[in-house]
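Participant: Could you have a look at this structure, given as C-alpha cells, before my questions?
Readers should treat all values here as calculations from the given coordinates under stated rules, not as data from a laboratory. As the structure is a computational prediction, the values presented were derived from the model and not from experiment. All Cβ positions, glycine included, derive from the backbone under ideal geometry; neighbour counts span all protein chains shown.
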Amino acid sequence: MADDRRDPLLVREEQRRTALPAAPAAKIPEHLVNGAGRGGTTEPGTGATERGSGATERGPGTTERGTNSTVRSSVTVAAWTLVSRVAGLLRVLVIGALLGSTYFSNVFQAGYVLPSNVFTVMAGP
C-alpha cells in the first residue's frame, strides 16, 4: 500500500531520468554561413568571399560590393517613388483641366476613390 502513494517529486525525477535525450542542434556548414548561398563562393574555414570584383569581407554577411548594391537599390527605389508621385500629380492636373469643377468630375472622383476606400476598410491599411 505504501507504493500507491509515492512522492510526486520522486516520480518526476524518475520520469526525467528515463526520458529520451534531446536531439542535438543542427550545425550549419561554414561555407554556407560565410556567403556562398548569396551568390559568392567561399573556401571553408577562411571566411573570405570570392567574387568577380575581388571584394573582401568587412563583417558577417557584408561585403563592399554588397554595400554598393544596397545603396544602388535604395536610390533606384527612391527615384521610382519620385517618378510615381510626379505622375500622380500630372494625372490630377489633367483630370482637373479636362473635367473642371462639374458634377461629372465629382462622380468620376468618387468612382476613382471609392474602390480604394472599400479595399482599405475590408483589408486594412
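Participant: Need the full-extension length gain, residue 31 to residue 93, defined as separation in residues times 0.36 nm minus the C-alpha distance. One decimal, nm.
Facilitator: 16.7 nm
Participant: Still on this structure: According to a simple spin-label model (label point 7 Å from Cα along Cα-to-Cβ), what is the distance in nm between residue 79 and residue 17?
Facilitator: Distance between the two pseudo-spin positions: 7.2 nm.
Participant: Taking θ as phi - 60°, what are the ³J(HN,Hα) couplings along segment 83-93 by the Karplus curve (6.51, -1.76, 1.60), each to the nearest whole Hz, with x for Gly and Pro?
Facilitator: Once rounded to whole Hz, the list reads 4, 5, 5, 5, 4, x, 5, 4, 4, 5, 5.
Participant: Further question: Calculate one ³J(HN,Hα) per residue across segment 17-32 by plugging θ = phi - 60° into the Karplus curve 6.51 cos²θ - 1.76 cosθ + 1.60, and present them in order as whole Hz with x for glycine and proline.
Facilitator: Values per residue, Gly and Pro as x: 5, 8, 5, 5, x, 5, 5, x, 5, 6, 9, 7, x, 4, 5, 7 Hz.
Participant: 7 Å from Cα along Cα→Cβ at both residue 118 and residue 7: what's the point-to-point distance in nm?
Facilitator: Once both label points are built, they end up 7.1 nm from each other.
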